[in-house]
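Heads up: the structure comes next, in structure tokens.
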């Protein structure tokens, strides 16, 4: 009954089993173990190109470390004003980059607009020492609004990046959800569209605490290992990080988990769309639903025992629901039923 | 047969079981869960005082984040020249502190000498803007030489710290091994001896990846949560970090694991002491053995399938053996036997 | 004929003479000289309170060092989107603060709106580790639009700062121009209105390279000397920095210089206001004029030999004129005459 | 009568005159002026190669900015334990480099020993992520002991740098004194011996506050302008910095000033060498004298009105005398006479 976030969930049984299995025997530490090598191979297969990948334990570490490879300390990182790196990481990108500046690029439904980006870069005083220097773009897929970028949309941004010599990072904390929401390959959604580095999330989609920073350009990865160690993010018993990713990628567990989460979100979104007085803030394209609805319904749902995020203001209340790999269909259906019931009661009053 | 480090080992079954159990149900994220609260309580009980504790996943993160609370960026951190923070963390303390300087204080067998520390601080130009300002001392217990500080030795350093207004950090990556090596309480070895913050290690002693930064002074902990988040070290599914510590502390698992490891080290050390041609570099007081021995014996042991760290130089070869919670007694005994056999063969030649 | 900026000018003869005089004899270095002490006293007299002041050579250093005393590295610095610290210092505040974030507060004519600031702070998630923490506000007086904050306007912002526990910095690169533009005392425009630290500019108003960071709260200044030294901004022959400030404050040179510059700007502004087709972008309240005018007039003035900054876009061209302590009245008058002549010719075509 | 340092002096009349002259007229700001261009040309002529040079106002800024171009934040900077960058800059190199580590290389009389450097680098774990990575060497010429490196000595260190892929920085706060002390060209003492970047000091040798960071490798200078601006070290009225260097280089003023200072130091050193009970700590090869002498003589000289630095300990007192461009020969002679007189009196007692 908890839709607050996909991080209130536990972990996939397959991943827990892999951890226990990985605990056997003694192996080399700090990533020189066979499981870590296998993860690298699996990611190369998934992305249909040889990638350079580094497991880390948190999404913030993945993003901040990745971005620190793309900008000098006097660089500018272009992102949506609602990006996780801007709003929810307590300044981690600034910390890891030595003080780079995050610059906002607006766009509806959490997405950077490529033309707006182009316009901003044209005015960015490139080469002028008085100003921070455009270094990279970071986009989030799924976005913070629960919407997805298509390969074409990513490619449009990638093209602007290349025009001005910027690198492109994708925060893929919910990459699996973005991917299964559309008919494309991991390669098409990333490097084929111009992405240089991907934060490949697993934690929100069934892992305990595991992400991979995936470089499509080996040269950009050159310093990553030093930055990871220096940031305290190199695990001595690396097998316990890698085995999560290993199991996550095995037998398409990651895609199955994401498909389930997305299906549950679609089920709820369709249900709510039919309830008078409830309106969706954004298209529901992954596993997140943002909806505006009267306070009375919100309170009714809370009284029913549902938990969810509260957004918006007192006058215009809004909620966020996040589904996950283990959301029960019965609970999702019940949520819609109860919302409809509260709406009907309110209409009757 | 792998004595290379205590991080080549897997994890205690009790801790793996706790992880699996913790995966059930949905709980609040980012540390607002009951397991995290319980760890805080258990640590307060262990240390016989109310502590403020923060789980993190790596020892480098624990040390660097702890130290960053004790020094301004223009501060000096006094430590032994062989300290892990100086030699093995790729500059993590400098990174998290914004560029503080690590200053060496010599002493035999990996231990800071309190009188030498006093002498250095007396000459440290406190208050003079041309010089970095003494801010804290960091000592390691067990030391990098496998020796332990007694409560009295810690207290002597703590006294110098207070004399000059410095804070005292203890890197306790092997704190359990240091503790069970002597007849004292956790409180006596830490805050009662003047320690302000402890990196309380669990990874090397049976956890997968878990340490706690334990503040004995709440005021010093004030900014820690921001620093941890900003450093990418706040786990969203915190229960998976906390449950490791929870199981580690439950039923004295941590002490039992450390006692076993120390016993195995003592067994090997005693055995080697009886072998002609082998000399111990340092007293063996925990779970580490540093020994000088002829190359021929080293090669013989490697041929037998034993793995261990190699120290020293070609002319004066030295090895490091680290025992762990799961070192098998038969393997330890076999190591001694084989060393003796190689020595005897060499003597015969 | 050069109105490009107030930093294209030379220096006041009084200040040059003071430098030469200060070169006599040997004195203590690094600020322990009598001239530096005298500057401190003069600034205390000017501000009618005991201030703690530090000479530095550039405005960027003054701002960035001052702000670094007001924010932790995970802090947020609230400023106007056009603030010099945001747009023109290549990220210096981020560098000196260890990566703090500059957050925009909009307002017309370059001025932060106090109500907007209040609204932003009410939503700022104070105490929540996921977000950077509001630490200080920085306002510029004169603003980047050439307008001035009155004591009441500063006080309104100061009140919001105190409500949320923030510190208030004023970038006074053109403080003298802001002050003489209105009937108030230096104290009323600063600490009596809630300003904690002032970057007191002299370079733009007749010095060679000299600013003073003026703390009205001694406690906030505690670490400044270390930060200044560490930043490479402590002059060994400090007398050469201090003597500039000494002469600047002597006999109200700073006020006379600013009054002249403001009078020249007013003369030009009034003249341009009477020319058809020319419109002022902002009220002219100090020594800067922003005006929209047809390209043909701009080109005509350039052909006449006038230099000035070009703003705006090709479709809506705009210019910036800055007057200074040594702007010749005849040149100012000629500028207006020529603008009028070009406008008349254009009207006739 | 003040031998405390060469920064207790005023400035050369030629340089003061140049400042006053530079104040005339309006010129482009931020270094786009003709004087700054001329300094670049003069330095290229002096060093017999096209250099890329940047004026800054302090030696600490010159060193820290230069070094920040030579090391990543996880780099190691090798220097003598008594180097100014290690002991006297409050951690500026750490600040500007983002937390690099200064590593000591011993050697007598303030000079790095090339063989010791080679030995250290051979053990430096290059490429291993656990350790900071050797990035550059910084040597000081004149050294902190008043001794000079010859071109051959620099070249020996330069050769080790190239062997391990490190860059070589020379702190030339007293470069002129080191140069005129021996029969070699500026080129021979720098780039021909492997120096990549030089902090070319002028402040201690007659300027008010001016140094040039001189890059012999244009590629290494690529980011310098951004770092200088971001550090608050770009002067808006740059002509006032450049004109000091311009006059300093004009007509060999810099060499004449240094020759005088060195001659005065030699005069004193020779005098003191003849006084029983006084011993020189280091060879006097520039404008600094370090001498051990009885407390009674020290006190006698102070009573005579002489000022100088006090080094050493109560049991083994030592003094530092620094001569300068304007040290009067009569005063230097008087110092020797008075020292001899105090020694004679003491011997008689």
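Read the figures in this text as sums done on the coordinates, not as results from a lab. In this text the structure is predicted, and so the values were computed from the model without any measurement. Virtual Cβ from ideal backbone geometry, glycine too; neighbours counted across all protein chains shown.
Remarks
- Among B:224, A:200, sorting on how many other beta-carbon atoms sit within 10 Å of each Cβ, with the fewest leading, yields B:224, A:200.
- Degrees between helix C:59-68 axis and first principal axis of chain C (Cα, 0 to 90, nearest 10): 40 degrees
- Neighbouring Cβ atoms from other chains, within 10 Å of the Cβ of residues in A:11-19, number 3 on average.
- Antiparallel bridges, percent of DSSP beta bridges restricted to the protein assembly as shown (to nearest 5): 55 percent
- Of all the options B:140, B:313, B:20, the one that moves most in a Gaussian network model of chain B with Cα springs shorter than 10 angstrom is B:313.
- Rounded if a/c under 1.5, otherwise prolate or oblate - chain A, Cα gyration tensor axes: oblate
- Using every pair of distinct Cα positions in the stretch C:1-137, the Kirkwood expression returns a hydrodynamic radius of 18.1 angstrom.
- Position residue C:299, label points 7 Å along Cα→Cβ, spacing to each other copy in nm (shortest first, one decimal): 6.9, 8.4, 8.7
- Reciprocal mean inverse distance between Cα atoms of the stretch D:10-60 - Kirkwood radius, Å: 12.7 Å
- For the stretch B:253-306 versus the stretch B:172-239, the inter-centroid distance based on Cα atoms is 27 Å.
- The stretch A:56-162: translational diffusion in µm²/s, Stokes-Einstein, Kirkwood Rh over Cα pairs, 20 °C, 1.002 mPa s: 153 µm²/s
- Compactness relative to 2.2 N^0.38 Å, alpha carbon Rg of the stretch D:137-263: 1.08
- Only alpha carbons enter this Debye calculation for the protein assembly as shown, each as an equal point scatterer, and the log10 of I(q)/I(0) it gives at q = 0.04, 0.06 Å⁻¹ is -0.27, -0.60.
- Residue-averaged beta-carbon neighbours from other chains (10 angstrom radius) around C:219-230: 5
- Label distances, nm, residue B:38 versus same residue in remaining copies, Cβ-directed 7 Å point: 3.1, 7.3, 7.9
- Residue and distance (whole Å) for the chain C Cβ nearest the axis that superposes C on B: C:98, 2
- The alpha carbon gyration tensor of the stretch D:280-333 gives principal lengths a ≥ b ≥ c with a/c of 1.5 or higher and a/b no greater than b/c, which makes the shape oblate.
- The same position residue A:25 in the other copies lies at 3.7, 8.0, 8.2 nm from this copy, comparing label points 7 Å beyond Cα toward the beta-carbon, shortest first.
- Taking only the alpha carbons of the stretch C:253-348, we obtain Rg and Dmax values of 12.9, 46 Å in that order.
- Proxy reagent accessibility, fewest Cβ within 10 Å first, across C:334, A:237: C:334, A:237
- Acute angle (nearest 10 degrees) that the helix C:34-47 long axis makes with the longest principal axis of chain C, alpha-carbon atoms: 70 degrees
- Fraction in percent of alpha-carbon pairs per bin - 10 Å, the stretch A:52-117: 22, 49, 27, 2
- When DSSP beta bridges are restricted to pairs lying wholly in the stretch D:14-249, around 35% turn out antiparallel.
- By the beta-carbon count within 10 Å of each Cβ, the least crowded to most crowded order of B:238, B:170, B:264, fewest first, is B:238, B:264, B:170.
- For chain C, the longest principal axis of the Cα atoms and the long axis of helix C:151-164 meet at an angle of about 40 degrees.
- For the segment B:233-244, counting C-beta atoms of other chains within 10 Å of every residue's C-beta and taking the mean gives 6.
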